[in-house]
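As structure tokens, the structure follows; a few thoughts come after it.
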Amino acid sequence: MTAPARLLLVDDELAIQRALAPLLKSRGYDVDIASTGAEALGHFSVRPPDLVILDLGLPDLAGTDVCRRIRTVSEVPIIVLSARGGEADKVAALDLGADDYVTKPFGPEELVARIRVALRRVTTSATAESGQLQAGDLTIDYDRRRVRRGDAEIRLTPKEFELLSLLARHHDRVLTHRAILRSIWGPNAVEQPEHLWTLIAQLRKKIEVDPAAPRYLLSEPWVGYRFSTSAGEA
Amino acid sequence: MPRGQLHDGWALVRALGAVAVVTLAYTQWIPVSNAAVVSTTLLLVVVIVAATARFRVAAVTSVVAMLCFNYFFLPPVGTFTIVDPHNWVALFAFLAVSLVASNLSATARARTLEAVGRRDELARLFDLSRDVLVMTAGPDPLGTLCRAVVRRFDLEVVAIAVPRDGRWDIAQAGARTIQLPEGELDAALTAARATLEFDARARAYAGHRGVVTSDETLRLVPLRAGTAPIGLLAAGGRPVEAGTLDALAGIVAIAVERARFLEERKAAELTRQREELKTTLLASLGHDLRTPLTSIRIAAGNLASTWLSDAERTAQGELILAEVARLSRLFENVIEMARIDAGAVTAEIRRVHPSEIVAAARERIGTTLDRHAVAVHVDPDEPVPLDPRLTAAALAQVLENAAQYAPAGSTIDIRAQLVGEGLLLAVADRGPGIAASDLPHVFDRFYRGRSAESRAGTGMGLWIAKGLLAAEHGRIWVENRPDGGAEFSLLIPTTSSAALAPPA
């Protein structure tokens with residue numbers, strides 16, 4: 001077995017630190033703790049973490065700032081802790097490169113599951129870059145622009161394939177509406193989510209077994225969409 | 001005898017006297033033989049009379065002057081008979097000229113009087129509009145309006161009736177109190193709604209009517225905003241022209257509408273403030289509830305697991321207790337805030353030692369001050385009459401605030417001393433102090449300083465401290481210490497009169 005993944009918990013709340021640190025250690029992770037944004041950024045030059053858990057309300061820096069600065073030095077997955085009602089901050093953090101978010105108050109399993117998925121994405125992304133992605137019974141062949149469910153070939157329009165491959169290349173990671181709109185329709189379309197809603201609905205009809213209860217293309221309410229590879233396991 | 005007739009009587013006496021004097025002068029003192037000179041002089045008298053008195057006085061004067069002219073100056077002198085036909089012509093010419101002159105002058109006079117009256121009423125209307133324009137949102141807008149109309153128009157009584165929710169909202173002012181029969185008001189308003197005619201000559205809309213109260217008839221005018229009647233104006237006393245009354249009603253209607261608008265705006269403003277308060281409360285409560293809830297949820301999960309060591313298990317248990325304590329303090333603050341809002345905080349004065357208050361305050365906030373050094377100076381520790389519960393609760397809020405902003409490990413000074421006015425409690429910290437822009441708002445509800453945005457805290461504490469102290473007539477203020485940090489001062493009056501008076 002390789003060395004345990006090193007997590008960096010960034011939260012100024014002592015109580016959160018004291019509750020989360022033992023939990024994460026018990027799941028086999030190494031845990032470093034930072035109480036301020038500056039402290040967190042300092043860790044990157046000394047002990048670069050494999051994953052960052054970042055509270056958006058820090059005493060010294062705005063959470064979104066921390067996110068942006070981490071992205072300038074590292075591609076490490078970032079999971080944002082946010083309060084409900086802080087939707088704007090959360091979306092801003094995701095747009096600045098955060099991978100996922102958990103809303104307070106959250107339960108232990110919720111956080112641990114997100115950590116597991118984010119870490120797995122890192123280890124599989126290397127293989128996903130080339131050739132194809134296998135998720136459940138769905139196979140996406142990037143080079144030949146083909147999608148199969150089981151043995152049946154699914155015919156997609158170019159836009160549908162573009163959207164599916166965008167989400168699949170960032171599988172298990174939340175992409176915000178704005179980010180998807182910008183990358184598929186261009187910067188002028190970011191205020192027109194209707195395009196996206198329609199295309200997602202079409203895509204779900206083709207690739208989901210039950211489009212009303214999607215397994216692959218999951219909605220993150222108010223925030224964006226996520227392509228889930230853990231559908232088969234759930 | 002009416003004043004007008006008496007006035008005319010005197011005018012007549014003076015006029016006839018003048019005619020007599022002219023006659024005497026020309027017959028006795030300076031005999032004149034030329035009748036033209038006499039007639040011109042008498043004509044002058046008649047014109048002067050016509051210019052100063054009413055037409056009927058001038059007419060009587062004309063006739064008398066004509067008779068005198070005939071009797072004393074036209075030959076044969078001493079009789080009313082006239083021989084020379086030339087003199088007939090002169091006599092009738094004199095009468096005709098004097099009557100026409102009287103009439104012209106009387107008409108001019110009447111026009112002048114009317115113009116003066118108009119100007120007077122215009123001035124009154126103008127004054128009233130000015131009153132209406134400067135009228136601010138007061139407790140009784142209709143009453144204020146009635147008083148303004150009474151004052152500006154010298155009326156004996158004025159009432160404004162506005163229908164509201166099926167009832168009549170009536171305000172009145174003046175020397176007497178009147179009872180307006182509601183049936184009449186309903187009928188008048190219905191009639192005003194049904195017809196809209198404009199009487200061009202009287203410059204008034206139809207719909208004016210009399211209403212008989214116990215002892216007199218009042219004039220009832222519909223108040224029209226645009227053309228729609230919104231109420232009625234009843235006026236009693238000095239007669240006011242219909243056109244003026246209508247203009248008056250127009251101004252009153254605008255004022256009533258304006259008062260209603262001001263009232264609505266005030267209500268809307270209150271609603272907005274309440275909504276804003278609610279939103280702020282929910283946002284800050286949401287923020288402050290979530291963190292302890294998350295910690296408790298995770299720690300409780302940890303406790304239920306099997307992998308914890310005993311030491312860690314104890315730590316997780318303590319963590320839960322501390323977070324629960326934090327939640328209860330938050331909860332207590334919300335309750336306290338509601339009690340202050342409802343005015344349900346009353347002082348119960350007892351004699352206590354200042355040191356007890358400090359101890360009680362420190363106990364209230366539990367472990368919050370554990371990360372700071374606390375230095376307490378009490379001088380002298382003699383029993384003082386005050387409400388220990390309110391005082392300690394207020395002090396606790398200030399201490400909690402200091403603990404939040406002063407860096408861990410720094411010293412927080414608590415001083416309690418007796419000054420002339422009462423007990424002075426001072427809390428000095430070595431934190432960053434308070435930014436000048438925040439100083440005026442420190443005690444506002446939900447106000448949080450610029451630097452505090454990312455810190456825990458609801459912005460309730462200092463507002464609660466202020467509210468609690470106000471219930472015992474105390475006050476609280478803050479200043480930055482010259483060597484850094486903030487110093488909060490709480491002054492609770494202990495002189496028996498101030499302390500025992502019921503809270504305002």
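Odds and ends about this structure:
- A P(r) calculated from all alpha carbon pairs of region B:96-187, with 10 Å bins opening at zero, reads 14, 30, 24, 14, 11, 6, 1 percent.
- Calculated FRET value between A:Leu218 and A:Asp143, using beta carbons and R₀ = 25 Å, to 0.05: 0.45
- For B:281-293, mean number of other protein chain Cβ atoms within 10 Å: 4
- Computed on region A:165-234, the Cα convex hull volume stands at 85 Å³ per residue.
- In the protein assembly as shown, the DSSP beta bridges split such that about 75 percent are antiparallel, to the nearest 5.
- Label zone at B:Glu241, where the point sits 7 Å out along the Cα-to-Cβ direction: region B:100-140 residues whose backbone N lies under 13 Å: B:110-125
- Added length on full extension, which subtracts the Cα-Cα distance from 0.36 nm per residue, B:Ala342 to B:Phe92: 80.7 nm
- One quarter of the convex hull surface built on the alpha carbon atoms of region B:393-436 amounts to 3.9 nm², the projected area averaged over directions.
- Peptides ranked, highest mean first, by Cβ atoms within 10 Å: ranges B:245-253, B:100-108, B:334-342: B:245-253, B:100-108, B:334-342
- Average beta-carbon neighbours from other chains, 10 Å sphere, peptide A:102-110: 5
- Peptide packing for B:393-400, A:194-201 was compared via the average number of neighbouring C-beta atoms within 10 Å per residue; ordered from the highest value, the list is B:393-400, A:194-201.
- Spin-label model, A:Ala189 to B:Glu114: label points 7 Å out along the Cα-to-beta-carbon direction sit 8.1 nm apart.
- Looking at chain A, the DSSP beta bridges with both ends there are about 50 percent antiparallel.
- Placing a label point 7 Å from the Cα of A:Val112 along the Cα-to-Cβ direction, no residue of region A:47-89 has a backbone N closer than 16 Å.
- The Rg/Rh ratio for region B:64-133 is 1.49, where Rg is the radius of gyration of the alpha carbons and Rh is the Kirkwood radius.
- Remark: B:Leu220, B:Leu330 ranked as B:Leu330, B:Leu220, counting other beta-carbon atoms within 10 Å and listing the fewest first.
- Average Cα contact separation per residue, chain B, under 8 Å, 6 or more apart, as relative contact order %: 8
- The charge dipole of region B:38-140, taken about its Cα centre with unit charges on the Cβ of Lys, Arg, Asp and Glu (plus for the first two, minus for the last two), comes to roughly 140 debye.
- Three principal axis lengths of region B:308-450 [C-alpha, angstrom, descending]: 58, 37, 35
- Value of Rg/Rh across region A:1-63 [Cα atoms, Kirkwood radius]: 0.97
- Alpha carbon convex hull of the protein assembly as shown, volume per residue in cubic angstrom: 350
- Over all pairs of different C-alpha atoms, region A:1-117 has a mean inverse distance whose reciprocal, the Kirkwood radius, equals 14.0 Å.
- Spin-label model distance (nm) - A:Val46 vs B:Leu285, 7 Å beyond Cα toward Cβ: 4.2
- Among B:Leu155, A:Ile78, A:Thr229 the positive-end extreme of the charge dipole of the protein assembly as shown (Cβ point charges): B:Leu155
- About the Cα centre, charge dipole magnitude for the protein assembly as shown (Lys/Arg +1, Asp/Glu -1 at Cβ), debye: 2020
- An ellipsoid equivalent to chain A, defined through the eigenvalues of its Cα gyration tensor, has semi-axes of 32, 20, 16 Å when rounded to whole angstrom and sorted largest first.
- Relative to the 2.2 N^0.38 Å rule of thumb, region B:12-144 has a C-alpha radius of gyration ratio of 1.72.
- Residue-normalised convex hull volume from the C-alpha trace of region A:98-234: 120 Å³ per residue.
- Dipole magnitude for chain B: computed about the Cα centre from +1 point charges on Lys and Arg Cβ and -1 point charges on Asp and Glu Cβ, it is near 1800 debye.
- Shielding value for B:300-308 is 3, the average number of Cβ atoms from other chains within 10 Å of each residue's Cβ.
- Centre separation in Å (Cα based) which lies between region B:286-318 and region B:26-45: 127
- P(r), alpha carbons of region B:225-291 - 10 Å bins starting at zero, rounded %: 17, 27, 18, 13, 11, 9, 4, 1
- Working from label points 7 Å from Cα in the Cα-to-Cβ sense, the B:Phe331 to B:Thr40 distance is 11.3 nm.
- Cα centroid of region B:71-139 to Cα centroid of region A:1-68, whole Å: 103
- Sorting the segments B:89-97, B:432-440, B:382-390 by their residues' average number of neighbouring beta-carbon atoms within 10 angstrom, most packed first, yields B:382-390, B:89-97, B:432-440.
- Overall Cα dimensions of chain B, principal axis frame, Å, largest first: 152, 56, 41
- Rg ratio (alpha-carbon, reference 2.2 N^0.38 Å) - region B:123-165: 1.19
Quick note: the coordinates plus some simple rules give every number you see, no bench work behind them. Fair warning: this is a prediction, and the values are worked out from it, not measured in the lab. Note: ideal-geometry Cβ built from the backbone for every residue, glycine included; neighbour counts use all protein chains shown.
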